[in-house]
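Trainee: Handing you this structure, nothing more for now.
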Amino acid sequence: MSLERRPHLLYVAWGYPPSRSGGAYRLLATANAFAAAGWRVTVLTCEREVFLRSTGIDPSMEERIDPSIDVRRLPFPNRETVLDLRQWSRFRAWAPEIWNMWQALLTARTFPEPRYGLWRPVLENAAAQVHAQHPVDLVIGSANPNVVHVAGAHLKEQHGVPYVMDYRDTWQLDMYSGKRTLSDRNPAAKWERSLVADADEVWFVNDPIAQWHAELYPNAADRIHVVPNGFDPGFVGASAVSKPEPPSEVRVGNIGTMTGQTPIRPLVEGWMHARQSGTALADATLELYGYLGHQGDDEGGVLTAIDEVGDDSVAYRGPVAKAEIGAVYRELDVLILPLGKSRFMTSGKVFEYMATGLPIVSVHDPVNAASGVLNGYPGWFPVERMDAESIGAALTKAVEFARIQTDDDRVAAREWASRYERSNILEPVVERWAERVGEGN
């Protein structure tokens, strides 16, 4: 395919690398997959400085962006993350509460999404400029924030360009209660209804979420697709985990951001119950890796829970750069998947965990969508209930299994999980759109 005839993807995503958010892996992989298939790819994303001021960055992620991708980091008009008083306007410094109200009103009038709505004109103008330079064949907006979808809607309205709405999170579904958070008359609900009506495809990460939205938007049901998260072998390591000898001291670990919804305290209580009830965990350790809250504020009380253990069997090891995560997996023997209760919850971490071939303990309610993903994985140990006794029993079984698990067992587990390798998920999507673009949509 000649350079002149390459299809052009405009990919719009706020949390694109080097953002350290969990969703950044999906963003990185999707844009890279289209680039690897020969597409011209332009990414509209946020300034790096915004992540430095808020969520933080992982430079190792940025290094994995396909060098052929044109990444355009656009100004982010929201000034709430600017805490340096020297950069404040006189108005904000004089009356910060009034400034906040004015900012919220201006945002709501531009696009009804707090903090992010003012990005709408920036995205629309940037999308128009990209299309004028190199005509766009497809726009994919990956939310959240949901304002990313306006770029595709704008190019479709002006030039008939097809667009895809890719939801990593939901706009008006409370993932934990299962309830709708907006009424039909809410401005945000009206926007979503309009965007979904015009979108060529709408992607969700699992069946329960997709079904919920198909019921909300029955006229779009045939355009709703499940594009699950997956794992990237380049991060986990091509050989995943290999252990020539059974572990003498079993290392149990959790890797991932720990928020107020992450059941770390029940995990620790289950750990202590198992240690007090038997000897299986006597020489085992529980190691917690990851950020403490999205803003580093330990909203889940992880450090307090560890302090209450009373021995050295539980430890917090800090965050891990994505480029180093393979080395951490190779040091662990059992993986913990702690999730809040939700039948809509899958978690991107579950796919990466399966790629290691290690035993996995699900510390979440069986109702979670992650249970459906893990069902059939060799070495899966789910809890029956979210209490100390059940969690302790699952931990005990997993640790005992880790002592006898062979490399052949781990290879079999990885082969089972290969269905969730990111390329196996994204290649059919890229091929489908290459055909549609080639046929004139």
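Trainee: Out of the DSSP beta bridges found with both residues in the chain, what percent are antiparallel (nearest 5)?
Mentor: 5 percent
Trainee: Among Val71, Val150, rank each residue by its count of other Cβ atoms within 10 Å, from fewest to most, as a rough exposure measure.
Mentor: Least crowded to most crowded, the residues run Val71, Val150.
Trainee: Related question: Measure off 7 Å from each Cα along the Cα-to-Cβ vector at Asp174 and Asp387, then give the distance between these two points in nanometres to one decimal.
Mentor: Placing both labels 7 Å beyond Cα along the Cβ direction yields 2.6 nm.
Trainee: Read phi for every residue in the stretch 315-323 and hand back ³J(HN,Hα) as whole Hz from Karplus 6.51 cos²θ - 1.76 cosθ + 1.60, θ = phi - 60°, with x for Gly and Pro.
Mentor: 9, 9, 9, x, x, 10, 5, 4, 5
Trainee: Separate question: May I ask you to derive the FRET efficiency for Val437 and Arg115 from their Cβ-Cβ distance with R0 = 41 Å, giving the value to the nearest 0.05?
Mentor: With R0 = 41 Å, the Cβ-Cβ based efficiency is 0.75.
Trainee: Shape of the chain from its Cα gyration tensor (a ≥ b ≥ c, root eigenvalues): rounded if a/c is under 1.5, otherwise prolate when a/b > b/c, or oblate?
Mentor: Judged from the Cα gyration tensor, the chain comes out prolate (a/c at least 1.5, a/b above b/c).
Trainee: Would you kindly derive the ³J(HN,Hα) couplings of the stretch 253-258 from the backbone phi angles with the Karplus curve 6.51 cos²θ - 1.76 cosθ + 1.60 (θ = phi - 60°), listing them in order in whole Hz, with x for Gly and Pro?
Mentor: With coefficients 6.51, -1.76 and 1.60, one gets x, 10, 10, x, 4, 10 Hz.
Trainee: Quick one: which of 219-226, 154-161, 388-395 comes out on top by average Cβ neighbours within 10 Å, and what's the full order, highest first?
Mentor: Details: 219-226: 14.5, 154-161: 16.1, 388-395: 21.4.
So the peptides 219-226, 154-161, 388-395, ranked by packing, come out 388-395, 154-161, 219-226.
Trainee: Quick one: if you stick a label point 7 Å off each Cα along the C-beta vector at Asp407 and Arg48, how many nm between them?
Mentor: 4.0 nm
Trainee: Related question: With a 10 Å cut-off between alpha carbons and a GNM built on the chain, which of Thr42, Thr181, Thr396 moves the most?
Mentor: Comparing Thr42, Thr181, Thr396 in a Gaussian network model of the chain, the most mobile one is Thr181.
Trainee: Which value, in debye to the nearest 20, gives the size of the charge dipole of the chain about its Cα centre, when Lys and Arg are +1 and Asp and Glu are -1 at the Cβ? Intermediate values should be presented prior to the final figure.
Mentor: Details: 44 positive and 57 negative charges, 271 e Å.
Charge dipole of the chain: 1300 debye, to the nearest 20.
Trainee: A further question on this structure: Once R0 is set to 25 Å, what does the formula 1/(1 + (r/R0)^6) return for the Cβ-Cβ distance between Lys190 and His225, expressed as a FRET efficiency to the nearest 0.05?
Mentor: Once the sixth-power term is evaluated, E becomes 0.60.
Trainee: Put a dot 7 Å past each Cα toward the Cβ at His134 and Leu182; how far apart are the dots in nm?
Mentor: So the two model labels end up 3.3 nm from each other.
Trainee: Related question: Which entries in Lys243/Lys349; Lys156/Lys322; Lys190/Lys341; Lys156/Lys190 show an alpha-carbon gap greater than 25 Å?
Mentor: Checking Cα-Cα distances, Lys156/Lys322; Lys190/Lys341 exceed 25 Å.
Trainee: List the residues whose amide H sits under 5 Å from the amide H of Trp171, counting only those 5 or more places along or on another chain, with H placed 1.01 Å from N in the peptide plane.
Mentor: none
Trainee: Based solely on its DSSP helices, what 222 nm [θ] is calculated for the chain when runs of n ≥ 4 H residues each add -39,500 (n - 2.57) and the sum is averaged over all residues, nearest 500 deg cm²/dmol?
Mentor: Taken over the chain, the calculation gives -12000 deg cm²/dmol.
Values quoted throughout were computed directly from the atomic coordinates according to the rules given, and no laboratory measurement underlies them. Everything numeric here is computed off the predicted structure, so don't read it as measured data. Counting neighbours? That spans all protein chains shown, and the Cβs are built from the backbone with ideal geometry, glycine included.
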